[in-house]
1. Taking Arg321 and the conditions (1) over 18 Å from Leu61 (Cα atoms); (2) part of a helix (DSSP H, G or I), which numbered condition does it fall short on, given that it satisfies the others?
2. Being of a type outside the set (Asp, Glu) and not in a helix (DSSP H, G or I): is that true of Ser306 here?
3. So how many residues does segment 153-177 have that are part of a helix (DSSP H, G or I), touching a helix residue (DSSP H, G or I) at 6+ places or on another chain (Cβ under 6 Å) and either away from the ligand (no atom under 16 Å from the Cβ) or aliphatic (A, V, I, L, M) (or both)?
4. So which residues in segment 356-390 are within 22 Å of Thr181 (Cβ to Cβ) and of a type in the set (S, T, N, Q), if there are any at all?
5. Take the residues in segment 96-117 that are more than 15 Å from the ligand (Cβ to nearest atom) and open to solvent by 10 Å² or more (accessible area, probe 1.4 Å), then tell me which one is nearest to Ile320 (Cα to Cα).
6. Only one of (1) within 12 Å of the ligand (Cβ to nearest atom); (2) surrounded by fewer than 24 Cβ atoms within 10 Å (Cβ to Cβ) is not met by Leu271, so which one is it?
7. Go through segment 363-384 residue by residue and tally those that are under 14 Å from Ala278 (Cα atoms) and touching a Phe, Trp or Tyr at 6+ places or on another chain (Cβ under 8 Å).
8. How many residues are outside any loop (DSSP other than H, G, I, E, B) and either open to solvent by less than 20 Å² (accessible area, probe 1.4 Å) or within 19 Å of Val192 (Cα to Cα) (or both) when one looks only at segment 238-256?
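The values are calculated or read from the model by the stated rules, or taken from the named source; none is laboratory data. Everything quoted here is computed from the prediction, not taken from an experiment. For neighbour counting, all protein chains shown are included, and Cβ atoms are generated from backbone atoms with ideal geometry for every residue, glycine included. Protein only, heavy atoms only, side chains kept; ligands, DNA and RNA dropped before computing areas. Shrake-Rupley method; radii C 1.70, N 1.55, O 1.52, S 1.80 Å.
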Amino acid sequence: MKHNTIRTATLVLALLLCAAQASAQTIKIGSVLTLSGPNATLGENMDRAIKLYMKLNQDKLPPGVKVEVITRDDGGPNPDKAKQLSQELIVRDKVQFLAGMTWTPNAMSSAPLSTEAKVPMVIMNAGTSVITTMSPYIVRLSFTLWQSSLPMGTWAAKRFKTAYVAVSDFGPGHDAQAAFTKGFTDGGGKIVGEVRIPLANPDFIPFMQRAKDAKPDAIFGFVPAGKQATAIMKAYGELGLDKAGVKFIGPGDITTDEELANMGDVPLGVLTMFHYSAAADRPANKAFIAAWHKEYGANSTPSFMSVGAWDGMDAIYYAIREQKGKIDPDRTMELLKQYKSADSPRGPISIDPETRDIVQNEYLREVRKVGGRLENVELETVQTAVKDPWKIINNKK
Ligand code: PHB
């Protein structure tokens with residue numbers, strides 16, 4: 001009798017210990033973002049989305065599974081620093097996912113680590129096309145510059161005869177330049193000049209002056225979203241290009257939602273092609289914006305980078321859920337290749353299983369004043385389910 005009681009008690013204790021262990025199961029995600037320096041708002045908008053997603057979607061995890069995000073600040077486009085942080089996250093913190101990656105150079109320097117360590121890397125921003133080819137463990141939930149800038153070129157060729165191209169001198173700028181030029185010239189447009197602007201501490205006035213001197217119908221521009229977008233917009237206004245009727249066009253980075261309030265009235269009428277606008281009236285976006293305002297206040301506006309981070313978390317939660325919390329990197333990649341969502345704030349999205357890159361709609365937008373505030377108003381869905389054109393054109397996987 002006594003023996004039995006002890007045996008039962010031991011069994012119960014063992015079961016309890018097992019349960020405690022199971023409930024303590026924690027999936028670690030290493031998030032590399034820019035949270036300091038002149039580009040700090042970029043990473044902040046991503047980090048806020050990650051935190052909000054986790055707060056609102058706990059019920060999407062299997063019972064007993066927790067997610068811990070370990071956030072590291074790369075300080076800006078800084079490949080050596082980002083690589084060091086990714087290495088530490090993998091080796092010391094033993095993360096099962098790498099995530100974030102605000103910048104192309106940072107994603108590129110970390111890519112070999114994700115291959116060597118077999119740690120899936122979920123890109124939430126960096127948009128240079130080639131990145132996903134650099135490791136079979138990379139999946140991208142953000143965008144490529146080719147996705148927006150090629151259709152922008154095609155569309156612009158129907159409206160303008162000449163264009164000047166001004167882009168930041170690094171990966172996404174080069175992609176935007178090549179993609180726009182292809183779309184525009186294939187459509188019969190003429191590029192009357194082009195310039196690459198340094199990424200660090202740029203003064204936009206001399207570059208916009210060169211654009212003005214070329215007397216184009218339109219200036220196609222790409223600079224990183226955030227404060228640089230506001231700075232180039234101000235230069236465009238200060239040189240009177242808006243008043244002179246020279247249209248400013250580009251991917252949505254130049255009219256990034258979170259900065260519109262800091263740009264004065266200069267952006268009114270600026271036309272962009274992009275996958276996300278905070279002003280979109282899709283129900284999933286309305287719900288996302290309402291949740292954001294509730295958490296961060298009515299004056300805070302999420303950016304396309306926030307949506308990249310939000311959807312990146314949704315993809316990670318999907319992979320965790322499907323594996324019931326027992327993560328295997330190769331199985332994770334198989335799952336991520338199948339990921340799709342009808343409920344992204346940007347509209348329907350999926351991952352192209354062949355390239356591990358995002359497939360999404362592209363919208364033509366115009367900056368307009370709505371209720372006293374500037375917004376990127378979506379005028380039309382120019383293309384649905386757009387795959388990265390660079391990979392199609394160059395037969396890259
Ligand atoms: C990138 O580094 O790939 C990047 C950075 C800022 C942007 C877009 C792309 O606005």
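1. (1)
2. no
3. Summing the residues that are part of a helix (DSSP H, G or I), touching a helix residue (DSSP H, G or I) at 6+ places or on another chain (Cβ under 6 Å) and either away from the ligand (no atom under 16 Å from the Cβ) or aliphatic (A, V, I, L, M) (or both) in segment 153-177 gives 5.
4. Across segment 356-390, the qualifying residue is only Gln383.
5. Here the answer is Gln96.
6. Here Leu271 meets the rest and fails (1).
7. So the count comes out to 6.
8. Number of matching residues: 9.
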